[in-house]
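Everything below concerns the one structure shown next.
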Amino acid sequence: MTETNSIIDIGDVVIAASGGINAAGRSSGHQAFRRVVYDALSPVQQAELESELATLTGYSPSEAMNNSLVRAWDSDCSELRGWNPNAMIHHERIQEAVGSNVESTDIDNGITYKQVHKTCDVQSAGQIPKGFDVASLYPSRHHPRGLQLALYAAADALGNLGMSAEDIKQHIKPDELAVYMGSTAGQLDMEGFGGMLCAPLLGQRNTSRQLPMGISTMPADFINAYLLGNAGSTGSNNGACASFLYNLRMALDDIRSGRRKMVLTGNSEAPLLAGIVEGFNAMGALATKERLQKLQNTGAEQLPDYRTASRPFAQNVGFTLAESAQCFVLTSRETALTLGLNILGSVGDVFIHADGHKRSISAPGIGNYVTMGKTMASAKRALDKLEASEGATNSNILNKSFVHAHGSSTPQNRTTESEMFNRLAQEFGIDEWPICAVKAHLGHSISAASADQLLMTLGTWNYGIMPGITTAKEVANDVQHSHLRIGLKHSKVAAEDILLCFINSKGFGGNNASAWVLSGQATREQMKKEMTDAEWHDYLERNEKIRQSQQQYLSAVAKENLPLPYRDKEPQPEPDDIQLTAEGMTLPGWAERVRF
C-alpha cells in the first residue's frame, strides 16, 4: 500500500495514454481540453479544433462548437436518453366518486390515477457533443449508454497509446494487466437497471440483459470481454463522486507493488436520465431554471444563460449534471521505457478518508482536510528530497503546483473547499495557489469527475494553458482566497512553474480523495538523469515508433469517427485450449504464460 510516510520513487507509475469523451469532445489529442480553452488558442489551433469537432458530430464547425460544453438540453435528447427532458410524465393520485365516468384502478377506495405532464425544473447539463453517436461505431445491441461510452473511452485510450490489444499481449503477461473502471449509479437507463425495475410496472417483459448490464462494474467487464480479451485483474471501487481516484489508487498500488505492469483505469457515467436528474433535484443540489433566473436577474419569461449555469467558487445555485467516460493507461516505469511508451506524467500518491460523524450524509466534512494535507505532505517529501539531491536549497516545491478543485458549483462547496485550500496553503507556505475548476465547462460527471480533472491537467502540461472559470465574473464574497489565485480567465503558464498538480474530489456520503501527479516534463527529466545516454537514446528510438502509431490514429480519427475494435465473435478460451501445469498455464493469444 502507498499510504505511508515513505518517500515516493518519482516516476515509478507512469501515465502513458488517455482516452474518452465528455461534454467538450474526445480526450485523445487533447481535443476536449482545446475546446475548454478555445479562447486562449491561436487562430490556427481554433480552426483545427472546429474542424475536428465537426467531424466528431457531423455538424458544421459553428454548430459543433455551439453544441458542446454545458448547455440547454439538446433537441434530440429524448432520442438519446429515452425520455423527454421538457415534458416528464408521472401519475398523479386523484379522488373520484365511485361510479363516475372516470376509469379507476382502485374502485373500492374511489381512487384513480391520471397521466399528467410536468416540466423538468432542470434545463441544462454537460452533454456529450450533439451528433456524436457512439452506438453507430460498433454493434451496440441495446447496450446501456454508459457501457457504450466506456468502450469508446478504452478504444480511444488504446489508439492514443499507440498499441493495440494484440500488441499488448505480446509484451505483457495475462496476469500483469488489469482494468479498473466502473460507474457510481450503474446503468440506470431502460437497457439496464432502469428497464429491469420499470418493466413489470409498465406491463412489459424483462430482458435477460437488463440486470447484468446495469451492474456498476460492467464498464470494466465490457472492456475485458470485447476490447482487450483481458484475463488479468478487474473491478471498480465505488466512492460516489470520488470514484475515479479510488480506482486510480487501486491501479497505483497494483503497479507499485509489482503485481501489474499495465492498468487501464477510469470511469464511465451516463446520468442524464429523468430519475437521476429528479433525484439530485429533490436534494436541492442542482441548478434549476428558476434558480438560474434569480441568480442572473432575468425575468420569469426570459431564459437564463445555461452556458454559465456552472460557476465554481462564484455566486452559484447548484451543480450541473454531466456525462463522461475517461480511461487512462498506467504502466510501470520499466514497462514504459521498454516499450517506448509516451510519458505524459506520473502518479505520486492518492489518499482517501471519510468524514467522521455527520449531521447530513450528503454534506461536506473534515475528511478532505486529511486527504489534501496528506497529499501535499507526500508530494513535498518526495520532491524536496529530489531537489536536495540536485543541490537546490531554500525553495518550496509546492509553489510550482496548482490544484484541480472538486469545484462542484454549490454554495456549500465553494465555502468549505476554498476554506480548506486557503488554510492548507497558509500552513504549507504557499502565497498564491492557482486553483482550477473545470466543472465550470464540463459539468459534474459524478464518478468520472476527477478523471475529467486529470484529463484537463494533462492538457495544461501539453499546451501551457490553465483553464479559468470563465462562466463567472467574480469570486463569491464568502470564498476564502487570501492564499489562492482562483482564475476567472484562461491563462498562459510556463512549464517549469507547474510541475505538480493536486487533484481533489469530494463525494456524497463522506468519500474524500486527493492525489498528486507530476508533469511529463519533470518525470522524463528525472528518468533521464537515472539512465545512461545510450539507454535514453534507445528509449527515444522506441518511442518514435509509438509516436508514429499514435499520430496515425489521431490523424485518422480527426477525419472520421473510427469503428471501435469491438470483438464479440472471438472464440472464448476453453479448458482444452490451455496448457496447464503446477507452475502456470498458457492462454490463447498471449505470448507469455500465467505464473501461479
Looking only at the chain, where both bridge partners belong to it, what percent of the DSSP beta bridges are antiparallel (to the nearest 5)? 70 percent
Each residue of region 223-240 in turn: what ³J(HN,Hα) in whole Hz from Karplus with 6.51, -1.76, 1.60 and θ = phi - 60°, glycine and Pro shown as x? 5, 4, 7, 10, 10, 9, x, 6, 10, x, 5, 8, x, 7, 10, 8, x, 6
Per 10 angstrom bin, beginning at 0 and ending with the bin that holds the maximum distance, the Cα pairs of the chain fall in percents of 3, 17, 28, 26, 16, 7, 2, 1, 0, 0
Ranked from highest to lowest mean number of other Cβ atoms within 10 Å per residue, what is the order of the peptides 201-207, 137-143, 525-531? 137-143, 525-531, 201-207
Taking a ≥ b ≥ c as the square roots of the Cα gyration tensor eigenvalues, with a/c under 1.5 meaning rounded and otherwise prolate when a/b beats b/c or oblate if not, region 258-310 comes out prolate
Looking at this model, which pairs from 294/439; 289/506; 169/374 are more than 29 angstrom apart at the alpha-carbon? 169/374
Over the Cα atoms, compute the radius of gyration (one decimal) and Dmax (the largest Cα-Cα distance, rounded to a whole number) for region 467-536, in Å. 17.8, 57
Using packing as a proxy for protection, rank 546-558, 429-441 so that the peptide with the highest average count of other Cβ atoms within 10 Å comes first. 429-441, 546-558
At 222 nm, what value in deg cm²/dmol follows for the chain if DSSP H runs of at least 4 each add -39500 (n - 2.57) and the sum is divided by all its residues, to the nearest 500? -10500 deg cm²/dmol
So what are the three principal axis dimensions of region 378-449 from its Cα atoms, in whole Å, longest to shortest? 44, 24, 17
Could you sort 539, 59 by their accessible area in this structure, using a 1.4 Å probe and putting the largest first? 59, 539
Output needed for region 419-474: three equivalent-ellipsoid semi-axes, defined as square roots of 5 times the C-alpha gyration tensor eigenvalues, in descending order, whole Å. 21, 14, 13
For residue 363 and residue 537 in the same chain, what is the full-extension length gain: residue separation times 0.36 nm, less their Cα-Cα distance, in nm? 57.4 nm
Roughly how many Å² of residue 184 are accessible to a 1.4 Å probe, to the nearest 10? 40 Å²
Under 5 Å from the placed amide H of residue 322, counting only residues 5+ away or on other chains, we find 126, 444, 445, 446
With a ≥ b ≥ c the root eigenvalues of the C-alpha gyration tensor of region 206-285, is it rounded (a/c under 1.5), prolate (a/b larger than b/c) or oblate? oblate
Given 10 °C and 1.306 mPa s, compute D for region 155-228 with the Stokes-Einstein relation, Rh being the Kirkwood radius over Cα pairs; round to the nearest whole µm²/s. 112 µm²/s
Of the listed peptides 576-586, 144-154, what is their order by residue-averaged count of other C-beta atoms within 10 Å, with the highest listed first? 144-154, 576-586
Once phi for every residue in region 119-125 is put through the Karplus expression 6.51 cos²θ - 1.76 cosθ + 1.60 (θ = phi - 60°), the whole-Hz ³J(HN,Hα) values, with Gly and Pro written as x, are 6, 5, 5, 8, 10, 8, 6
Working from Cα positions, state the angle (0 to 90°, nearest 10) between the long axis of helix 411-427 and the longest principal axis of the chain. 20 degrees
Calculate how steeply helix 520-529 sits against the longest principal axis of the alpha-carbon atoms of the chain, using the helix alpha-carbon long axis, and give the answer as 0 to 90 degrees to the nearest 10. 20 degrees
Please give the length that would be gained between residue 119 and residue 583 if that part of the chain were fully extended, namely 0.36 nm times their separation in residues minus their C-alpha to C-alpha distance (nm, one decimal). 160.7 nm
Just to confirm, what accessible area per residue do you get for the chain at 1.4 Å probe, in whole Å²? 42 Å²
Given R₀ = 35 Å, what would the calculated FRET efficiency be for residue 568 paired with residue 60, taking r from the Cβ atoms and rounding to 0.05? 0.50
Once you order the gyration tensor axes a ≥ b ≥ c over the Cα atoms, which shape class does region 411-547 get: rounded for a/c under 1.5, otherwise prolate or oblate by comparing a/b with b/c? prolate
Descending accessible area (1.4 Å probe), largest on the left, turns 280, 596, 502 into 596, 280, 502
So if R0 is 56 Å, what FRET efficiency would residue 201 and residue 400 give, r being the distance between their Cβ atoms, rounded to the nearest 0.05? 0.50
Could you give the radius of gyration (one decimal) and Dmax (whole number) of the Cα atoms in region 547-587, in Å? 18.2, 51
Sulfur and carbon atoms: percent of accessible area, region 424-574 [1.4 Å]: 45 percent
Quick one: angle between helix 43-57 and the longest Cα principal axis of the chain, in degrees between 0 and 90, rounded to 10, please. 50 degrees
Separation in nanometres of the label points that stand 7 Å from Cα toward Cβ, at residue 307 and residue 545: 4.7 nm
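The values are calculated or read from the model by the stated rules, or taken from the named source; none is laboratory data. As the structure is a computational prediction, the values presented were derived from the model and not from experiment. Every residue, glycine among them, receives a Cβ derived from its backbone with ideal geometry; neighbour counts consider all protein chains shown. Quick note on the areas: whole protein, heavy atoms, side chains included, nothing else; ligands and nucleic acids left out. Shrake-Rupley method; radii C 1.70, N 1.55, O 1.52, S 1.80 Å.
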